[in-house]
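J.: Take this structure first; my questions come after.
The values are calculated or read from the model by the stated rules, or taken from the named source; none is laboratory data. From a predicted model like this one, the values you see are computed outputs, not experimental measurements. Please note: Cβ atoms are built from the backbone with ideal geometry, for glycine as well, and neighbour counts cover all protein chains shown.
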Amino acid sequence: MTTTATPAPHRLTPTQYWICLCGIVWREALRFIHQRERFISALVRPLVWLFIFAAGFRQVLGVSIIPPYDTYVLYEVYIAPGLIAMIQLFNGMQSSLTMVYDRETGGMRTLLVSPFPRWWLLTSKLLAGTMVSILQVYAFLLIAWFWDVEVPPVGYVLVIPALLLSGFMLGALGMLISSLIKQLENFAGVMNFVIFPMFFASSALYPLWRVKESSPFLYYVCEANPFTHVTELIRFALYGKVEWVSLAVVAGCAVVFLCGAIIAYDPSRGFLARRGGPGG
Amino acid sequence: MNEATATVSDTDTAAPAALDVLGVGHRYGARVALRDVSFSVRPASFTVLLGLNGAGKSTLFSLITRLYAIREGRIRILGHDVAREPGAALSQLGVVFQSRALDVDISVQQNLIYHAALHGIGRRKADEQIARVLTLVDLTDRRHERVNNLSGGQMRRVEIARALLHQPQLLLLDEPTVGLDIKSRADILGHVRRLLQSGIGVLWATHLIDEVGDNDDVVVLHNGRVLAKGAVGSVVATANAPNIGSAFTRLTQADTVAGAGA
C-alpha cells in the first residue's frame with residue numbers, strides 16, 4: 001500500500017509538559033487522600049520508633065557531640081533525621097509497589113501510552129511521590145515537636161531541598177526495583193532485602209563512630225550505604241548546614257537510579273518486553 | 001495454508017491510513033508470538049482483529065502502543081512511525097486495554113481530567129472534552145460518580161470516553177466486551193460503531209464472531225500470523241464458507257492441521 005500525504009509535525013509545548021506534570025502530581029495526591037490508612041501507617045511507623053524505641057534506648061545509646069550538633073542532644077533528636085529518611089524510604093518503596101500493582105491492573109499502560117517522552121512521565125511520577133513523602137515528613141515533624149524533638153526554626157524550611165533530593169533518589173530506587181519485579185507477590189522480598197538492610201546498616205539509629213568501634217567492616221558497609229547519606233543530608237539540612245559528601249552521593253545515586261529506571265521502562269531496552277506475552 | 005488476500009485494506013490512497021502494520025514480527029525469547037503481520041485500518045472504518053486466545057492480539061496491541069519495542073517491521077499511525085515519532089503517533093491514538101485501568105476510588109470526571117493531563121490538555125479544554133465524550137457514551141449523568149459505583153459495562157464506557165478525550169483518529173479496543181452481559185456488549189458495540197461518523201478508524205480485537213458486522217473489515221490472526229484480511233464478504237468467499245463464523249473455523253483449523261503436519 002502507498003501513502004503519499006505527509007503527516008503534520010507534532011510538537012508538545014512547555015505548557016503541555018507542565019500540565020502533564022501537574023496532572024500526575026494531582027492524581028498521586030488524590031490517591032494518597034483516598035488511602036487514609038496509607039497515611040496513618042506511614043506516620044505510625046516512625047512514631048513507634050520515636051516514642052518506644054528511642055525512649056527505651058535513650059540511656060543505653062548515649063550520643064557524643066558530633067556535627068551538626070553543637071551540644072549533647074537527646075537520642076530522640078538524634079534519630080529524628082533517620083526516621084524522616086525512613087518515611088521517605090517506605091514511601092519510595094510504596095510507590096514502587098503501586099507501580100507493580102498498576103502494571104498488573106493496567107494503570108501503568110495508561111501512563112505509558114501518553115505521547116510525552118517516557119523519561120518525563122517517570123520523572124513526573126517520581127516528583128509526585130516525593131511531594132507526598134514531604135507531606136508525611138511534615139506531619140511527623142509536627143507530632144515530634146510535641147515530643148520535644150525540635151530543630152532550629154529555619155531548619156524546617158532549609159530541609160525542603162534535601163527532602164526533595166532524598167525523596168527523589170529513594171523513589172527512583174523504588175521505580176528501578178519495580179521494573180525488576182514481575183508480580184506483586186514478589187514484593188515481600190523487597191522488604192527483607194532492601195528496606196531492612198538499608199535502614200539498619202546506616203547512621204539512622206546510631207552514629208557511625210560507634211559502629212566503627214564494634215565492627216570496622218560494618219562501618220564501611222554503612223559508609224557505602226546511600227541511605228546513610230540520605231540520613232546525614234537531612235540531619236545537616238535541619239541545622240542549616242550542608243554535608244557535601246552526602247549531597248554528592250545522594251545526587252549521584254538519584255541520577256543513576258533514574259537512568260536505570262528509564263532504561264528499564266524503555267520498550268526497546270527494558271526488561272518488560274522480554275518477559276513473556278500478555279496473552280491473547 | 002489458507003491465505004485470503006482481499007484488497008480492501010491495501011488500496012492506494014492519498015491520505016495516510018489510520019493504521020499501517022507492515023511486516024511486524026515479535027518473539028519472547030525463542031517463542032515466536034507474531035510473524036510477518038501486515039494490514040491497514042482505513043479512516044472511518046471498523047476493522048475486527050479476529051483471533052483465538054493466544055493468537056497474538058494483545059502482543060500486537062502492545063507493539064502498536066509502544067509498550068513493546070518494534071524489532072521487526074514497521075507500524076504507522078496516521079503516517080507517523082511509532083518507533084521514530086512515538087509522541088506524534090501516540091497523540092493520534094486512543095486505547096481501551098483488555099484489563100480495566102481506571103482509578104476506582106475517584107470519580108469519572110477525575111479519571112478523565114488525569115487522562116487529559118497525560119495528553120497535555122488543560123483544565124478548561126478538558127472540561128469541554130469531558131462533556132463531549134460523556135455525551136457520546138451516554139454517561140453525562142454519572143460524571144461525578146465514583147468509578148467504584150459503576151457497573152462493568154459503564155466502566156467500559158468510561159474507558160472508551162477516556163480513549164476519545166484527546167480526539168484521536170485511531171481507536172484500539174482489546175476485547176472490550178469480555179465479562180459483560182449481552183445488553184452491555186451490544187451497547188458498547190453500538191457506541192463504538194457510531195464513532196465512525198466522525199472519521200475515526202477503529203481496530204476492535206475479539207474472539208467473538210458475533211461482534212463482526214457485515215460491512216466490517218476483518219483480519220484473522222492465528223498463531224501469530226495473518227491468515228486472511230479484507231472485507232467480510234471477501235474473506236468468506238476466499239474461505240469458501242457460508243458465513244464469517246465458518247470461514248474463521250475453516251481458516252484456523254486448516255492452519256492448525258498444516259502446522260501439525262509441518
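J.: Just checking, which of B:Val41, B:Val95 is buried (at least 23 other Cβ atoms within 10 Å of the Cβ), facing chain A (nearest Cβ under 10 Å), at pLDDT 90 or above and under 26 Å from B:Ile160 (Cα atoms)? Talk me through it step by step, then tell me what you get.
T.: Working: B:Val41 fails: facing chain A (nearest Cβ under 10 Å).
Criteria check complete, one pass: B:Val95.
J.: Identify, please: which residue in segment A:97-110 is aliphatic (A, V, I, L, M) and more than 13 Å from A:Arg31 (Cβ to Cβ) and is, among those, modelled with the highest pLDDT?
T.: Here the residue is A:Met108.
J.: Now for a separate question. Give the residue, chosen from B:Arg194, B:Arg250, that is of a type in the set (Lys, Arg) and closer than 28 Å to B:Thr65 by Cα.
T.: B:Arg194
J.: Examine segment A:132-148 for a residue that is over 23 Å from the mean Cα position of the chain (by Cα) and in contact (Cβ under 8 Å) with a residue 60 or more places away in the chain, and state whether such a residue exists.
T.: Yes, that holds for at least one residue.
J.: A further question follows. Taking A:Phe116 and the conditions (1) assigned to a helix (DSSP H, G or I); (2) more than 17 Å from A:Pro81 (Cβ to Cβ); (3) modelled with pLDDT of 85 or more, which numbered condition does it fall short on, given that it satisfies the others?
T.: That leaves (1) as the condition not met.
J.: Would you check which residues across segment B:184-209 are outside any helix (DSSP H, G or I) and under 25 Å from B:Ile77 (Cβ atoms) and list them?
T.: Hits for segment B:184-209 are B:Gly199, B:Ile200, B:Gly201, B:Val202, B:Leu203, B:Trp204, B:Ala205, B:Thr206, B:His207.
J.: Looking only at segment B:48-78, which residues are more than 10 Å from chain A (Cβ to nearest Cβ) and surrounded by fewer than 24 Cβ atoms within 10 Å (Cβ to Cβ)?
T.: Passing the criteria: B:Val48, B:Glu72, B:Gly73, B:Arg74, B:Ile75.
J.: Among A:Val137, A:Val154, A:Val159, A:Val132, which is the only one that is at pLDDT 85 or above and more than 20 Å from A:Leu83 (Cβ to Cβ)?
T.: Values: A:Val137 fails: more than 20 Å from A:Leu83 (Cβ to Cβ); A:Val159 fails: more than 20 Å from A:Leu83 (Cβ to Cβ); A:Val132 fails: more than 20 Å from A:Leu83 (Cβ to Cβ).
A:Val154 is the lone residue from the list that is at pLDDT 85 or above and more than 20 Å from A:Leu83 (Cβ to Cβ).
Per-residue answers, yes or no, for (1) in contact (Cβ under 8 Å) with a residue 24 or more places away in the chain; (2) among the β-branched types (Val, Ile, Thr); (3) within 21 Å of B:Ser40 (Cα to Cα):
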{"site": "B:Gly179", "(1), (2), (3)": "yes, no, no"}
{"site": "B:Arg185", "(1), (2), (3)": "yes, no, no"}
{"site": "B:Glu211", "(1), (2), (3)": "yes, no, yes"}
{"site": "B:Asp214", "(1), (2), (3)": "no, no, yes"}
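J.: Select, from B:Leu172, B:Leu150, B:Leu134, the only residue that is in contact with a helix residue (DSSP H, G or I) (Cβ under 8 Å, 6 or more places away or on another chain) and within 12 Å of another protein chain (Cβ to nearest Cβ).
T.: Numbers: B:Leu150 fails: within 12 Å of another protein chain (Cβ to nearest Cβ); B:Leu134 fails: within 12 Å of another protein chain (Cβ to nearest Cβ).
Testing whether each residue is in contact with a helix residue (DSSP H, G or I) (Cβ under 8 Å, 6 or more places away or on another chain) and within 12 Å of another protein chain (Cβ to nearest Cβ) leaves just B:Leu172.
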